[in-house]
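What follows is one structure encoded as structure tokens, with my remarks underneath.
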Amino acid sequence: MKAWVVRRLGGPETMRFEDVDSGAPTDGMARIAIKASAINYFDALMVAGQYQTKPDLPFVPGVEVSGVIESAPAGSKLNEGDRVAALLDSGGLTRGGYAEIADALPAAIHRLPDAMPFDDAAAFTLIFQTAWFGLHRRANLQSGENLLVHAGAGGVGSAAIQVGKAAGATVIATAGSDEKTQICRQLGADHAINYKTEDFAEEVERLTGGRGADVIFDPVGGDVYDRSTKCIAFEGRIVIVGFTSGRIPQAATNHVLVKNYSVVGLHWGLYSRRAPELIPAATKALMDLYAAGKLKPLISAHLPLAEAPKALAMVAGGKSTGKVILTI
Ligand SMILES: NC(=O)c1ccc[n+]([C@@H]2O[C@H](COP(=O)([O-])OP(=O)(O)OC[C@H]3O[C@@H](n4cnc5c(N)ncnc54)[C@H](OP(=O)(O)O)[C@@H]3O)[C@@H](O)[C@H]2O)c1
């Protein structure tokens, strides 16, 4: 089978498109013929050796796939021909999803509703689970609250806008261009601010009548986190999701005290290891919202597997909106 292999760490261009012997799946693993594979921002960090988990070289990147079951272990309740989506283990990643075939544990695989296309399925899990756990589990978002979503046209941001609207929040989104703020509005944001041309903290204060944002969903960090502390509401919650700005901000705990707000971290992958029993309820709620037409992954580009370095560079450079999908 064809797969993109990382033999030395670096930018997307260091990956090589190789013929890889897929062998037989190891005991207990199901085999998936991949139809769509999602690019995630952290794939670029992993290829560069800058992510918290560092797979041994060589490895094939990509953790989020959808496709068709080719074979499954006995007793797994999966059958040949089932349409499925799967998350591949980023910790022990050796053969990930930038490939024609992937193997996964049955527990990491779920069947797709007939009406869900493969590209939506590959794009869905990580962004919507992250938004769900961040907003509901960590921030306890309530209907009627003001939610500020940073990088609202990005992968997790676009999901957070939709999950926030479905929860009954008033959603304010920020993004780095007028084109992206337009996308935020199309996703359902009540207000969208181009943070490169406007001071979003002042705008949030104005839009909320001085109350500020009850919940702030922050995948960007750096200056965006610092400014967020100026428009967080009394008893507000800032959810730390990522650091695409490249700078990990420091929380001023005296300010946290003086304004009575909370800074909460979210590492969704840790739920899958430490509290996996919480995930099925979130999956059901998210799939119900998808079926009801309230959630739809934002997909800005489909590229063939052979163009994976270009796709990864688009995401790593902040040029993409929503998700970029490799099709096989
Ligand atoms: N905590 C978790 O469990 C979890 C789960 C999934 C993802 N994440 C993290 O969340 C972050 C966002 O992931 P994503 O998949 O949504 O990424 P994405 O689709 O690439 O979106 C990131 C957005 O960040 C903004 N940005 C600001 N400064 C940037 C810079 N210097 N370079 C690139 N982008 C920049 C860009 O939007 P603007 O142009 O609008 O600024 C960009 O669209 C990543 O750090 C990822 O690792 C965390």
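Test of understanding: among K180, K196, K259, which residue is more than 30 Å from E64 (Cα to Cα), out of contact with any Pro (no Cβ under 9 Å at 6 or more places or on another chain) and within 16 Å of the ligand (Cβ to nearest atom)?
Working: K180 fails: more than 30 Å from E64 (Cα to Cα); K259 fails: within 16 Å of the ligand (Cβ to nearest atom).
Just one listed residue meets the conditions, K196.
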Check your understanding: Residues in the range 224-246: is at least one in the same structural domain as G134 (by TED's automatic domain parsing), on the phi < 0 side of the Ramachandran plot, in contact with a His (Cβ under 7 Å, 6 or more places away or on another chain) and surrounded by 18 or more Cβ atoms within 10 Å (Cβ to Cβ)?
Key -> yes
Practice item. Name every residue in the range 66-115 that is closer than 12 Å to K35 by Cβ and outside any strand (DSSP E or B), in order of residue number. Key: G97, E100, L112
Practice item. Show the residue pairs that are 6+ apart or on different chains and have beta-carbon atoms under 9 Å apart, the first residue being within the range 212-224 and closer than 13 Å to A175 by Cα, the second being of a type in the set (S, T, Y) and more than 9 Å from the ligand (Cβ to nearest atom). Key: D218/Y225; D218/S228
Point to revise | Which listed residue is surrounded by 13 or more Cβ atoms within 10 Å (Cβ to Cβ), farther than 23 Å from N140 by Cβ and within 16 Å of the ligand (Cβ to nearest atom), from L303, L286 | key: L303
Practice item. Scan G188, G152, G164, G168 and give me the residue that is on the phi > 0 side of the Ramachandran plot and touching a helix residue (DSSP H, G or I) at 6+ places or on another chain (Cβ under 7 Å). Key: G188
Check your understanding: Applying the selection to the range 164-177, what residues are more than 16 Å from the ligand (Cβ to nearest atom) and either basic (K, R) or crowded, with 24+ Cβ neighbours inside 10 Å (or both)?
Key -> K165, A169
Check your understanding: For the range 103-161, how many residues meet the condition of being of a type in the set (G, A, S) and within 11 Å of the ligand (Cβ to nearest atom)?
Key -> 12
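Look through the range 110-125, keep the residues that are aliphatic (A, V, I, L, M) and buried (at least 22 other Cβ atoms within 10 Å of the Cβ), and return whichever of them is nearest to A169 (Cα to Cα).
Among those residues, the one meeting the criterion is A123.
Residue by residue through the range 306-328, note down the ones that are of a type in the set (S, T, N, Q) and crowded, with 20+ Cβ neighbours inside 10 Å.
Listed by number, the residues that qualify are S320, T321.
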Review point. Can you tell which of T253, T229, T244 is near the ligand (Cβ under 10 Å from one of its atoms) and either closer than 28 Å to A44 by Cβ or of a type outside the set (D, E) (or both)?
Key: T244
Revision key, fill the gap. Output for Cβ contacts, cut-off 6 Å, separation at least six or different chains, first residue within 8 Å of the ligand (Cβ to nearest atom) in the range 35-50, second not polar (S, T, N, Q), reads Y41/V315; F42/Y51; L45/Y51
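The values are calculated or read from the model by the stated rules, or taken from the named source; none is laboratory data. Quick caveat: nothing in here was measured; it's all calculated off a predicted structure. No Cβ is skipped: glycine too gets one built from the backbone with ideal geometry, and neighbour counts run over all protein chains shown.
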